[in-house]
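A short worksheet on the structure shown next.
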Amino acid sequence: MFVGHYGISFAARPAGRPVPLWLWFIAVQWLDVVWSVLVLLGVEKLRIVPGFTEANALDLYYMPYTHGLPGSMILSLGFGCLVAMFTTGARMRTALLIATASFSHWVLDFIVHRPDLPLYGNSAKVGLGLWNRPAIALSLEALLLLGGIWLYFRGRLSESVTTFVFGVLMIALQSYLFFGPPPVSDKAAAWSAIVCYVVLAVVIWLPAVSVMFLPLARLIVSPLKSRLMLLLACKMMLEVCESRSR
Ligand SMILES: [Zn+2]
């Protein structure tokens, strides 16, 4: 699962306000973030086998640390404690909420993965294999993501339009991953995963940045000054055009 995980981050954020949304984005993909790093280090392993499932070519044959049941619990709890250390307010509650969001990754992976999630060591692997029903898997991802966004913005629908557009773009990205060409190698799959997680977290963080700087920008450039600057800019552009046409 990929974009469906973000539905959990949107749904959980209102319960854990001290933690910014971009950090919830990392929390729900934390197991995969560590997985990408361990694959790049050669510790966990996968093979690219075209046609391995109907939705992707990933033969995830060795990932006991990040996607094994005990390992995923420990990593989730560890990330919850790490985030709680840097937040204010009810730290225990924050740690538990973040740990639960992080562990939801394993539960949702269990629905779509084929049996490649070990219950202990690298054995007793489970997975319901919804990746072999790509249309249903994609619908589930879209439902989770858009449902999560709806829960996040409930009662403030006019504010949710840009986030819903972002959600639709994420579903388009998921469709490409399902029906586009497979990754060229195991390392390429890990790199593209980690880049996606970082870029999506940065994108969801960006509006917060603009909101922070907006009052400052308004103070510096009053509406009158901005109109004057616009007129000056237009005048300069006209002069440049005239000088070039001569
Ligand atoms: Zn995963």
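Every number in this text was worked out from the coordinates using simple rules, so none of it is lab data. Just so it is clear, the structure is predicted and the values come from calculations on it, not from any experiment. Neighbour counts are summed over all protein chains in view; Cβ atoms, including those assigned to glycine, are modelled from backbone coordinates with ideal geometry.
So the values come out like this:
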{"item": "Whole-Å distance, taken between Cα centres, linking segment 70-114 and segment 127-172", "result": "21 Å"}
{"item": "Segment 59-187 shape via C-alpha gyration tensor axes, a/c threshold 1.5", "result": "oblate"}
{"item": "Exposure proxy order (Cβ contacts within 10 Å, fewest to most) of Thr94, Thr163", "result": "Thr163, Thr94"}
{"item": "Calculated diffusion of segment 4-219, Stokes-Einstein form, Kirkwood radius summed over Cα pairs, 10 °C and 1.306 mPa s, µm²/s", "result": "88 µm²/s"}
{"item": "Radius of gyration, Dmax [segment 1-97; alpha carbons; angstrom]", "result": "15.3, 49"}
{"item": "Sorted peptide list for 125-131, 105-111, criterion being average Cβ within 10 angstrom, highest first", "result": "105-111, 125-131"}
{"item": "Other-chain or far-sequence residues with amide H under 5 Å of Tyr61's (modelled H)", "result": "Arg47"}
{"item": "Relative packing of peptides 63-73, 25-35 - highest average C-beta neighbours within 10 Å first", "result": "25-35, 63-73"}
